[in-house]
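Everything on this sheet refers to the single structure shown next.
The values are calculated or read from the model by the stated rules, or taken from the named source; none is laboratory data. All values reported here derive from a predicted model rather than from experimental measurement. Ideal geometry is used to build each Cβ from the backbone, glycine not excepted, and the neighbour counts take in all protein chains shown. With ligands, DNA and RNA removed, areas are computed over all heavy atoms of the protein, side chains included. Shrake-Rupley method; radii C 1.70, N 1.55, O 1.52, S 1.80 Å.
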Amino acid sequence: AAPVQVRLVVPIVVVFGPGSVPRDLPRPLPFRDVQEMEISVNLRTSVTSRYEMRYRSTTAQEEAALAAATAREADAALHLLQDTTMGSLTMYVVPETSSLLPQGISVYVGKHRSALVRAVGSLAALQTRLREVTQVMSFTASSIAAALSDRVPNGQLGPDARRYLKSSLGYEITFSLLNPDPKSHTVDWDIEGAVNRYVKPVLDRLSLVANFSVDSQILYYAVLGVTPRYDKESSSFLLSAHSLPHVINPVEARLGSSAASLYPVLNFLLYVPERSHSPLYIQDKDGAPVSTNAFHSPRWGGIMVYNVEAPASPQASLPLHVDVDMARVMEVFLAQLRLLFGLSREEVPPEFLLESPGNEGLADWELDHLLWAHTVENIATVSTTLTSLAQLLDKIGNIVIKDDVASEVYRAVASVQSAVTKLSLGHLNAAFQASKEAVTSSERAFFDPSLLHLLYFPDDQKFAIYIPLFLPMAVPILLSLAKIVRETRLRTKEPTKMD
């Protein structure tokens with residue numbers, strides 16, 4: 001892989017409320033401090049994270065905001081007073097006895113780019129806690145390693161590293177309703193209303209990261225391809241964890257081709273089991289039923305099984321009419337969508353309380369979390385693409401590089417350098433936009449039809465092609481030339497006759 005050197009700078013403001021200043025501050029407030037950490041990737045890729053901390057006391061307005069009754073109200077009031085630049089963080093340190101944070105909670109992470117942190121005795125202990133908060137709200141070594149998963153030696157990657165979607169300029173989301181037994185069930189789902197109500201707010205927030213397109217379809221007679229096991233005790237059918245991978249392939253064949261798509265496709269499937277296999281439950285590895293009755297597949301999407309209640313009377317006429325509860329379904333699909341984008345909240349320490357993002361679907365800092373990872377991944381991708389292009393041009397000596405291809409390469413190099421510079425200044429949004437431009441330009445150059453290496457043949461291939469064509473023509477021409485040369489020589493030897 002091509003060498004990549006990146007410095008990620010996170011500007012952090014640490015604000016001490018009254019009664020929360022540590023006793024062992026090295027100098028009076030306000031002051032600045034810098035902490036650096038190396039994220040190990042491989043020998044040719046170095047990523048340094050640099051936290052630029054600015055310590056100060058609260059202003060009168062911030063003090064008033066911190067006097068709110070709950071952490072949520074304080075967070076909303078403080079949001080109006082703080083720097084909301086992407087990638088920047090504000091930590092408000094509150095006294096140990098503060099009632100803003102519930103019992104047993106030492107950190108409250110708000111909806112925006114700030115957190116409330118309970119004071120601890122010393123500055124060193126506080127800095128350790130602040131580093132934990134910063135990693136939750138910006139990036140961790142593992143999230144950067146996952147972004148650079150192509151460069152990280154296999155043994156060093158966590159189990160989730162390849163679960164997340166690769167950075168892309170766009171994504172296509174397909175919601176599919178699978179009704180394998182239309183003779184028994186007529187299924188209605190208000191997918192358009194559900195997308196507008198639940199999915200659109202999330203995608204509006206993510207529109208900064210990529211373009212999204214959403215479509216839906218209903219497939220009849222599409223079965224899972226794995227016969228579920230009947231369980232006498234619960235008189236239900238079970239799909240065990242080890243059979244789940246075999247469920248996807250037969251279904252995928254019916255979904256429509258994702259090969260025609262420019263962008264990665266995310267599939268979310270709602271499966272209404274046929275009457276002969278109802279009710280159907282998914283089991284986890286330990287044999288316990290999965291509460292959501294759903295599972296997800298890394299970088300592919302998710303499947304949810306939606307059971308239909310059996311009719312009260314056996315004489316009920318078929319097909320049964322089923323109205324899907326879209327709120328329940330979308331809750332599962334949105335959780336899977338967050339998981340695929342690496343926004344799950346499972347790895348957070350237990351003493352952290354994270355505010356729910358509400359209708360928006362993701363908090364401001366979660367958006368930043370995505371931007372950090374995608375910017376680093378884009379820089380690495382451009383670096384690899386341009387290196388591959390350079391190797392191709394080295395191999396083919398007589399290749400013709402048109403002006404428009406050259407200008408795309410120059411633009412890609414300039415954009416990627418700009419992205420690296422912006423990251424080292426702590427300007428996350430500008431860095432991400434530059435990295436996106438770099439990806440677009442480098443791919444335009446790399447996939448330009450004029451650089452198709454099949455257009456350029458090695459010399460030995462040229463000889464092999466043309467000699468059989470020219471040899472039959474060349475033989476009579478060469479013999480004629482030899483004859484002309486011979487006759488010319490004879491003529492010069494003959495003495496000229498004198499009359």
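Restricting to the range 66-76, name every residue that is open to solvent by 60 Å² or more (accessible area, probe 1.4 Å) and assigned to a helix (DSSP H, G or I).
Once the filter is applied, which keeps residues that are open to solvent by 60 Å² or more (accessible area, probe 1.4 Å) and assigned to a helix (DSSP H, G or I), the range 66-76 yields R72, E73.
Of the residues in the range 77-115, how many are among the β-branched types (V, I, T) and either assigned to a loop (DSSP other than H, G, I, E, B) or open to solvent by 10 Å² or more (accessible area, probe 1.4 Å) (or both)? Quick ask: steps written out before the conclusion?
Of all residues in the range 77-115, those among the β-branched types (V, I, T) come to 84-85, 90, 93-94, 97, 105, 107, 109.
If we keep only those that are either assigned to a loop (DSSP other than H, G, I, E, B) or open to solvent by 10 Å² or more (accessible area, probe 1.4 Å) (or both) too, we end up with 84-85, 97, 105.
Counting residues in the range 77-115 that are among the β-branched types (V, I, T) and either assigned to a loop (DSSP other than H, G, I, E, B) or open to solvent by 10 Å² or more (accessible area, probe 1.4 Å) (or both) gives 4.
Does any residue of the range 196-216 turn out to be open to solvent by less than 50 Å² (accessible area, probe 1.4 Å) and within 23 Å of Y281 (Cβ to Cβ)?
no
Scan the range 11-51 for residues that are among the small types (G, A, S), in contact with a strand residue (DSSP E or B) (Cβ under 6 Å, 6 or more places away or on another chain) and under 22 Å from E96 (Cβ atoms) and report the count. Please lay out each step first, then the result.
First pass over the range 11-51, keeping only residues among the small types (G, A, S): 17, 19-20, 40, 46, 49.
Those left that are additionally in contact with a strand residue (DSSP E or B) (Cβ under 6 Å, 6 or more places away or on another chain): 17, 20, 46, 49.
If we keep only those that are under 22 Å from E96 (Cβ atoms) too, we end up with 17, 20.
Residues in the range 11-51 being among the small types (G, A, S), in contact with a strand residue (DSSP E or B) (Cβ under 6 Å, 6 or more places away or on another chain) and under 22 Å from E96 (Cβ atoms): 2 in total.
Quick one: which strands (runs of 3 or more DSSP E) lie wholly within the range 279-374 and hold at least 2 residues that are open to solvent by 20 Å² or more (accessible area, probe 1.4 Å)?
Working: elements: 280-282, 294-297, 301-305, 320-323, 352-354.
Those strands (runs of 3 or more DSSP E) span 294-297, 320-323, 352-354.
What residue, of S356, S313, is at pLDDT below 85 and hydroxyl-bearing (S, T, Y)?
On the way: S356 fails: at pLDDT below 85.
Checking each option against the conditions leaves just S313.
Out of (1) touching a Phe, Trp or Tyr at 6+ places or on another chain (Cβ under 9 Å); (2) among the hydroxyl-bearing types (S, T, Y); (3) modelled with pLDDT of 90 or more, the odd one out for S234 is which?
Answer for S234: the failing condition is (3).
How many of the residues in the range 243-278 are open to solvent by 30 Å² or more (accessible area, probe 1.4 Å), free of Cβ contacts under 8 Å to residues at least 24 places away in the same chain and more than 24 Å from the chain's Cα centre (by Cα)?
2
Take the range 47-82 and flag every residue that is free of Cβ contacts under 8 Å to residues at least 24 places away in the same chain and within 13 Å of V15 (Cα to Cα).
Within the range 47-82, T59, A60, Q61, A65, L81 meet the criteria.
Quick grid of which residues meet (1) surrounded by fewer than 23 Cβ atoms within 10 Å (Cβ to Cβ); (2) part of a helix (DSSP H, G or I):
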{"position": "V382", "(1), (2)": "no, yes"}
{"position": "Q391", "(1), (2)": "yes, yes"}
{"position": "N398", "(1), (2)": "yes, no"}
{"position": "S407", "(1), (2)": "yes, yes"}
{"position": "V416", "(1), (2)": "no, yes"}
{"position": "T421", "(1), (2)": "yes, yes"}
{"position": "A430", "(1), (2)": "yes, yes"}
{"position": "K436", "(1), (2)": "yes, yes"}
{"position": "E443", "(1), (2)": "yes, yes"}
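Go through (1) touching a residue at least 12 places away in the same chain (Cβ under 8 Å); (2) open to solvent by 20 Å² or more (accessible area, probe 1.4 Å); (3) among the hydroxyl-bearing types (S, T, Y) for T128 and report which single condition fails.
Of the numbered conditions (1) touching a residue at least 12 places away in the same chain (Cβ under 8 Å); (2) open to solvent by 20 Å² or more (accessible area, probe 1.4 Å); (3) among the hydroxyl-bearing types (S, T, Y), the odd one out for T128 is (1).
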